[in-house]
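**Student:** Okay, here's the structure, questions in a sec.
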């Protein structure tokens, strides 16, 4: 029950959109903002607001790269990797404890 | 990616508090409001607002029983069982696809 209570109190990763962004970034480490937006089917404004929350909490960082045109890259931080893995492991443990 | 996108769009079960309530009810089918509140460490007002969302969407029903004093019981519906199991199975599939 402690694991479940911790999940329920996760205001940052408990949000399904933010969790989805982190799940997308976990195996890739980084991705262009525009790619995340398209693949996860989010509006730029919606993605931007969630990226800001993640960045403010140190889970991702963003920076611009100039190729043919400037683009924003979102990169998961080491802290973000740890936090996402911990949250997902707790979630998995809770789900595995159920008879689905 | 489709499974992840569906999870991200789950406004009802995507909320970690509502998901926690459903996870608590799944193996029990029903529980007194006051018990859920205590075990999951929620204020009555917070639990009430989430139960209302779940009830409005047909995932739980509530009713009063009179023992020594009236108490509200929250019961998961068949539809609620199905929806919670489906959501949790998707979540598990996504997590199992990651290298944690």
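**Student:** Kindly indicate which of A:76, A:21 is within 17 Å of residue B:5 (Cα to Cα) and under 15 Å from the mean Cα position of the chain (by Cα).
**Tutor:** Selected residue: A:21, the only one of A:76, A:21 that is within 17 Å of residue B:5 (Cα to Cα) and under 15 Å from the mean Cα position of the chain (by Cα).
Okay, residues lined up against (1) touching a residue at least 24 places away in the same chain (Cβ under 8 Å); (2) touching a helix residue (DSSP H, G or I) at 6+ places or on another chain (Cβ under 6 Å):
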{"position": "A:60", "(1), (2)": "yes, yes"}
{"position": "A:90", "(1), (2)": "yes, yes"}
{"position": "A:95", "(1), (2)": "no, yes"}
{"position": "A:99", "(1), (2)": "no, no"}
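**Student:** Still on this model: Any residue at all in segment A:44-55 that is in a loop (DSSP other than H, G, I, E, B) and either modelled with pLDDT of 95 or more or more than 18 Å from residue A:18 (Cβ to Cβ) (or both)?
**Tutor:** No: zero hits.
**Student:** Within segment A:14-34, can you find the residues that are part of a loop (DSSP other than H, G, I, E, B) and either within 11 Å of another protein chain (Cβ to nearest Cβ) or at negative phi (or both)?
**Tutor:** A:14, A:15, A:26, A:27, A:28
**Student:** Within segment A:35-43, can one find any residue that is outside any helix (DSSP H, G or I), at pLDDT 95 or above, more than 10 Å from chain B (Cβ to nearest Cβ) and over 21 Å from residue B:90 (Cβ atoms)?
**Tutor:** yes
**Student:** Any idea which of A:80, A:20 is touching a strand residue (DSSP E or B) at 6+ places or on another chain (Cβ under 7 Å) and surrounded by 15 or more Cβ atoms within 10 Å (Cβ to Cβ)?
**Tutor:** A:80
**Student:** Pick from segment A:1-13 the residues that are facing another protein chain (nearest Cβ under 7 Å) and in contact (Cβ under 8 Å) with a residue 60 or more places away in the chain: which of them is farthest from the chain's Cα centre (by Cα)?
**Tutor:** My answer is A:4.
Yes/no per residue for (1) surrounded by 17 or more Cβ atoms within 10 Å (Cβ to Cβ); (2) under 24 Å from residue B:99 (Cβ atoms):
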site	(1), (2)
A:28	no, yes
A:37	yes, no
A:51	yes, yes
A:61	no, yes
A:71	no, no
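The values are calculated or read from the model by the stated rules, or taken from the named source; none is laboratory data. None of these values were measured; they are calculated from a predicted model. Here Cβ is always computed from backbone atoms with ideal geometry, including for glycine, and neighbour counts include all displayed protein chains.
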